[in-house]
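No lab work stands behind these numbers, since they all come straight from the coordinates. None of the values given here were measured: they were computed from a predicted structure. As a convention, Cβ positions derive from the backbone with ideal geometry for all residues, glycine included, and neighbour counts pool all protein chains shown.
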Amino acid sequence: MPRTLSDLCVHTITTKPWSLETAVEKYAVAGIRGISVWQDAAEAVGFARAGRILADSPLEVVSYVRGGFFPHSSAEKRARALDDNRRLIDEAATIGAPLLVLVCGAEPQQSLSESRRQIQAGIESLIDHASDQNVRLAIEPLHPMYADTRSAINSLGQANDMTESIDHPQVGIAVDVYHLWWDDQLEGEILRCGNHDNLYAFHICDWKVPTTDMLLDRGLMGEGCIDVPLIRSWVQAAGFRGYHEVEIFSNEYWALDQDVFLDRITEAYRNHS
Ligand code: ZN
């Protein structure tokens, strides 16, 4: 049975050639209910105006992307990263986003465990500001291929460990099938995440075979080797009732007519997610 679009959210990076205004208009016409916003899309129109465009639309703002990048070997750079994140939290609040997704970062000059220690310290020091602004934070574990510079948190187990250690309702997790599909512990870790009320976001796309670019060649659901419906069933069994966010970074799709691409997104969502 094809799915309805009631839980569908599209991330603006997915239709990168469109301005925020165009994306909002096109998503709404297509029957999409949720929107996640990449910083560049909001910055291009100005944050206050982005907030008004979104507030005037029928779409619900799901998340703002992305904060993080906490680890550095220099204390000065770590402090600067915290300032950047405080500003991102303010921007999220300005555009009406209840959640800031964190790409946590990694510093190749130090161990992954030291980077994780710095990530946790960084997130903990943002909690008060995030609470004041009513913006929650979501740790997004990234595929291990990004462990050099993008994230020292590479499995849901590691993200669960950290989130449970932080133990604060302001901090949870974004589960992205692209980053986590390979993990033989995934079902249990998704349940664990839900049981601790830490499952804040769910991102979908597919892993193309072969993948020609490790960042910019993501596929539409049903196009690759990820069993998205199976992972969705685990997320729902874990109690998740939020939006399913289509997040596709793809040079190939950005080169397409974006109206055609949006039709393909809703079709893939109905039939393969
Ligand atoms: Zn994601």
Item to complete: Starting from the Cα-Cα distance between Gln185 and Leu5, subtract it from 0.36 nm times their residue separation and give me the gain in nm to one decimal.
Response: 61.9 nm
Worksheet item: Counting only DSSP beta bridges with both residues in the chain, what percent are antiparallel, rounded to the nearest 5?
Response: 10 percent
Worksheet item: Loop-only check: which trypsin sites (Lys or Arg not before Pro) in segment 232-273 are DSSP coil with at most 16 other Cβ within 10 angstrom?
Response: Arg241
Discussion item. Between segment 88-146 and segment 218-232, what is the separation of their alpha carbon centroids in Å?
Written reply: 26 Å
Item to complete: Rounded to the nearest 0.05, what FRET efficiency do Thr22 and Gln109 give with R0 = 45 Å and r taken as the Cβ-Cβ distance? Could you check?
Response: 0.60
Item to complete: State to the nearest 20 debye the size of the charge dipole of the chain about its Cα centre, where the only charges are +1 on K and R beta carbons and -1 on D and E beta carbons.
Response: 260 debye
Worksheet, complete the sentence: Whole-Hz Karplus couplings 3J(HN,Hα) for segment 224-234, θ = phi - 60° and coefficients 6.51, -1.76, 1.60, Gly and Pro as x, run x, 9, 8, 7, 4, x, 5, 5, 4, 5, 5
Practice prompt. Arrange the following residues from fewest to most other Cβ atoms within 10 Å of their Cβ: Ile173, Ile32.
Written response: Ile32, Ile173
Response to the item:
Going residue by residue through segment 135-152, the Karplus relation 6.51 cos²θ - 1.76 cosθ + 1.60 with θ = phi - 60° gives ³J(HN,Hα) values, rounded to whole Hz and with x marking Gly or Pro, of 10, 7, 10, 10, 6, 10, x, 10, 3, x, 5, 9, 6, 6, 10, 9, 7, 8
Discussion item. Quick query: amide H of Arg136 versus all other amide H atoms, modeled in the peptide plane; which residues come in under 5 Å with a sequence gap of 5 or more or a different chain?
Written reply: Leu99, Leu100
Worksheet entry | Distance between modelled label sites at Ala75 and Ala237, nm, 7 Å Cα→Cβ extension | 4.8 nm
Worksheet entry | Estimated FRET transfer efficiency (Ile127, Ala147; beta-carbon r; R0 22 Å; 0.05) | 0.30
Worksheet item: For segment 1-81, with the dipole built from +1 on Lys and Arg beta-carbon atoms and -1 on Asp and Glu ones, taken about the Cα centre, which of Tyr27, Ala48, Ser63 lies farthest toward the positive end?
Response: Ser63
Item to complete: Per DSSP H run of at least 4 residues, take -39500 (n - 2.57); add these up for the chain, divide by its residues and hand me the 222 nm value, nearest 500 deg cm²/dmol.
Response: -13500 deg cm²/dmol
Worksheet item: Which whole-Hz couplings ³J(HN,Hα) result when phi for each residue of segment 41-55 is put into the Karplus expression 6.51 cos²θ - 1.76 cosθ + 1.60, θ = phi - 60°, listed in order with x for Gly and Pro?
Response: 5, 6, 4, 4, 9, x, 5, 5, 5, 4, x, 5, 4, 6, 5
Worksheet item: Using the beta-carbon distance between Asp84 and Asn271 and R0 = 30 Å, what value does 1/(1 + (r/R0)^6) give for FRET efficiency, to the nearest 0.05?
Response: 0.15
